[in-house]
Amino acid sequence: MFFISLGAVAARGAEPLDHRLLSQVLTAHVSAGRIDYLALKADARLDGYLAQLAATDPEKLPNDSARLAFWLNAYNAYTLKLIADRQPLKSITEIGTGGLVIGTALTTPAWDIRFAEVGGKKFTLNEIEHEIIRRKFKDARAHFALVCASDCCPVLSTDAHEDDKLETQLDAQARLFLQDSTRNRFDLATKIASLSSIFSWYQGDFGADKTAALLKAASFARPEVRAAIQADPKAWKVEYLTYDWSLNARKT
């Protein structure tokens, strides 16, 4: 059984948090971005990591890089907890009566459940994503590191985000997402960019208009795609792929 002293964690709140425990959990239960939620539910290490988050004040971390890594890990870890505790599920949209659209209006959908404890305060996933990660850090690459437990979301890495590796990790996540034809497609012959709906929902995070967002996407695409788009971005048509909310569970 895994035990952790909350007092000991809080006492080192001024130091960068050690996220290796989350990496151990991810390595054990994630393969090619797919998650064994049933096995994860029985792994006490996830609760141990969440206890660290609950006892740590991210404002006492030494820099913005450490804080962004912390919040990205918190979002992903609490999403894993949300799904694992509610197995079996076919989609995160099943959490909250009414589903993705109706549920948002009539009850509390998954992203608005106040359960993610950080530094002694409880947050919703929406608050972590929109009010903290997007508003405070303004790094569009974060969209490629946040995993919403769905087939169309970015692939969950088996490495937790770390302060001293964050730039490399975010660039790698962006390249992985933009070079995956199941999530983004670029047709050089027709000059049609079929982008993830993430680029539609959060277009302003990627640039002032569609062309700016396309150029941002191209900067992480394959070299031949990047060159073609940068040569004549106005010649390209941008469309958005339908988002598949099926659970990113490991197939058995």
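Would you please give the FRET efficiency between Arg34 and Leu215, computed as 1/(1 + (r/R0)^6) with r the Cβ-Cβ distance and R0 = 35 Å, to the nearest 0.05?
Details: r = 31 Å, r/R0 = 0.89.
Calculated transfer efficiency: 0.65.
Distance between the modelled labels on Ser197 and Phe137, one decimal in nanometres: 2.4 nm (7 Å Cα→Cβ projection). Summarising the overall dimensions of the chain from its C-alpha atoms, the Rg and Dmax are 18.6, 60 angstrom.
Take the Cα of Arg20, step 7 Å toward its Cβ, do the same at Ser246, and the gap between the two points is 3.8 nm. Taken about its Cα centre, the chain carries a charge dipole of roughly 400 debye when the Cβ of each Lys and Arg holds +1 and the Cβ of each Asp and Glu holds -1.
Backbone amide hydrogens, once placed in the peptide plane, bring Ser150 within less than 5 Å of Asn248, excluding anything fewer than 5 places away on its chain. Given the options Asp171, Asp187, Asp47, state which has the largest fluctuation in a GNM of the chain using a 10 Å cut-off (strictly under) for Cα springs. Taking springs between Cα atoms under 10 Å, the residue moving most is Asp187. Taking the chain as a Gaussian network of alpha-carbon nodes connected by springs under 10 Å, the highest mean-square fluctuation of the residues Ala174, Ala69, Ala227 belongs to Ala227.
Taking Cα atoms only, the orientation of helix 166-178 departs from the longest principal axis of the chain by about 50 degrees. Between helix 20-29 and the chain there is an angle of about 70 degrees, using the helix long axis and the longest principal axis of the Cα atoms.
Working note: 222 nm ellipticity from helices only, DSSP H runs with n ≥ 4, each -39,500 (n - 2.57), summed and divided by the residues of the chain, gives -11500 deg cm²/dmol to the nearest 500.
For Gln87 and Arg185, compute 0.36 nm times the residue count separating them, minus their Cα-Cα distance, and round to one decimal in nm. Show your work: numbers first, answer last.
Values: separation 98, 0.36 × 98 = 35.28 nm, distance 3.23 nm.
Length gained, Gln87 through Arg185: 32.1 nm.
Exposure proxy shown here: for Leu125, Leu82, Leu38, the number of other Cβ atoms within 10 Å sets the order, fewest to most, as Leu38, Leu82, Leu125.
Specify the angular offset, from 0 to 90 degrees and rounded to the nearest 10, of the alpha carbon long axis of helix 44-55 from the longest principal axis of the alpha carbons in the chain. It works out to around 90 degrees. Among Pro233, Pro62, Ile35, which residue has its Cα positioned farthest towards the positive end of the charge dipole of the chain, with +1 placed on the Cβ of Lys and Arg, -1 on the Cβ of Asp and Glu, and the dipole taken about the Cα centre? Towards the positive end, the residue furthest out is Pro233.
If you run the Gaussian network model on the chain, springs between alpha carbon atoms under 10 Å, then out of Pro62, Pro223, Pro154 the most flexible one is Pro223.
Distances between placed amide hydrogens fall under 5 Å for Glu117 paired with Phe123, all partners being 5 or more residues away or on another chain.
Computed from the coordinates by the stated procedures, all read-outs in this text should not be read as laboratory data. It should be emphasised that the depicted structure is a prediction, and the values quoted were computed from it without experimental measurement. As a convention, Cβ positions derive from the backbone with ideal geometry for all residues, glycine included, and neighbour counts pool all protein chains shown.
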